[in-house]
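Just so you know, all these numbers are worked out from the coordinates, no wet-lab data involved. Since this is a predicted model, take the numbers as computed values, not measurements. Glycine gets a Cβ as well: all are built from the backbone with ideal geometry, and neighbour counts include every protein chain shown.
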Amino acid sequence: MNIEQPNGGPENAGAPDDATIKALAGRVTRPLVLVGMMGVGKSTIGRKLAQLLGFHFADADDEIIKAAQMPIAEIFDQFGEDYFRDGERRVIARLLEGHNCVIATGGGAFVQDDTRAIIREKGIPIWLDSDIETLVERVSRNNKRPLLRGGDVREIVTRMKAQRDPAYAQAPIKVMSDTGPHGETVNRILEALDQWL
C-alpha cells in the first residue's frame, strides 16, 4: 500500500519533536532507502533525514565511485550501463547490511528488477517524487549525469520519468519533494514512516 503525503504547510509546521523522532528511530529495523528520479533530492534529503534520526548516511553513487575508483560517467563510457548496474546492485546489497542507516540510491537503481528486489527485502524503500519542472530545473545544474548528455533535458527527463514511475510505485511509501525547503520533505517522510511502521 502506498502512503502518499500531501505537500503540507510552512517549514516545520507539524514537525515532530525530538522525543517523537527518537521513538520513531527506535521502531525502524531496516535501512531506509530513498528511491526516485535524479534531481529529486535523495542525497540532500537523505543526509538531513539521517541526521535527525541519528542514523548513518550513505550515498550509493559515492560508494560506487569509491569502489570503482572512477566517476560514474567514466564507468558508463568505458564499460557500459549493464556493467554499471551490476556494480550498483552489489554496492547497494552491501550497504543494506548496515543498521540504522539512510541510503540514497541513483535514479536507475530501483528500476532494475534484481536491485529493487534486494531493496524491498532488506530495506524500507521510500519513493521521493517530484514534478517535471522541478526535476528539469535541478538536473540542469549538473552536467555530470551520463543519461542526460547529448539531448534535450526536458524531453529525456519526461520520458525517463514515464518509464520509471511504475517501478518507483512499488515502494511502499511515497512522498512529494517540491520546490519548498528540504526540511518540509523530511517532515513528510517522518510522518509517512510513522504511519507505515
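Is the C-alpha gyration tensor of region 30-196 telling us rounded, prolate or oblate? Criteria: a/c under 1.5 is rounded; beyond that, a/b larger than b/c is prolate, otherwise oblate. It comes out oblate by the Cα gyration axes.
What do you get for chymotrypsin sites (Phe, Trp or Tyr not before Pro) in region 37-121 restricted to DSSP loop and a cutoff of at most 11 other Cβ within 10 Å of the site's Cβ? Walk me through the numbers before you get to the answer.
Working: sites: Phe55, Phe57, Phe76, Phe79, Tyr83, Phe84, Phe110; in loops: Phe55.
Hits after loop and neighbour filter: nothing returned.
Computed from Cα atoms, the angle from the helix 18-27 axis to the main principal axis of the chain rounds to 60 degrees. Sparse packing (at most 14 other Cβ atoms within 10 Å of the Cβ) combined with a DSSP loop state is found for the following GluC sites (Glu not before Pro) in region 12-100: Glu97. Rounded to the nearest Hz, the phi-derived 3J(HN,Hα) couplings of region 129-134 under the Karplus curve 6.51 cos²θ - 1.76 cosθ + 1.60 (θ = phi - 60°) are 10, 7, 7, 4, 4, 5, where x marks glycine and proline.
Counting only trypsin sites (Lys or Arg not before Pro) that are in a DSSP loop and have at most 16 other C-beta atoms within 10 Å, tell me the longest site-free stretch of the chain.
Working: sites that count: Arg141, Lys144, Arg149.
With a cap of 16 other Cβ atoms within 10 Å, the longest stretch comes to 1-140.
Each residue of region 181-189 was assigned a 3J(HN,Hα) from its phi angle through the Karplus curve 6.51 cos²θ - 1.76 cosθ + 1.60 (θ = phi - 60°); the sequence is x, 4, x, 5, 5, 4, 4, 5, 5 Hz, with glycine and proline shown as x.
Per-residue ellipticity at 222 nm for the chain, helices alone: DSSP H runs ≥ 4 residues times -39500 (n - 2.57), over residue total, nearest 500 deg cm²/dmol? Walk me through the intermediate numbers first.
Working: 9 runs with 103 residues, N = 197.
Estimated from H runs of four or more residues: -16000 deg cm²/dmol.
Fully extended, how many nm does the chain gain between Arg159 and Thr29 (0.36 nm per residue separation, minus their Cα-Cα distance)? Don't skip to the end; give the middle numbers.
Working: separation 130, 0.36 × 130 = 46.80 nm, distance 3.54 nm.
Here the answer is 43.3 nm.
For region 87-92, putting each phi into the Karplus relation 6.51 cos²θ - 1.76 cosθ + 1.60 with θ = phi - 60° gives couplings of x, 4, 4, 5, 5, 5 Hz, in residue order, rounded to whole numbers and with x for Gly and Pro. Taking amide hydrogens as placed 1.01 Å from N in the peptide plane, the amide H of Phe57 sits under 5 Å from those of Val102, each at least 5 positions away in sequence or on another chain. For region 46-63 versus region 76-141, the inter-centroid distance based on Cα atoms is 14 Å.
Taking amide hydrogens as placed 1.01 Å from N in the peptide plane, the amide H of Asp129 sits under 5 Å from those of Val175, Met176, Ser177, each at least 5 positions away in sequence or on another chain. Normalised by the number of residues in region 30-196, the mean separation of alpha-carbon contacts (under 8 Å, six or more apart) gives a relative contact order of 33 percent.
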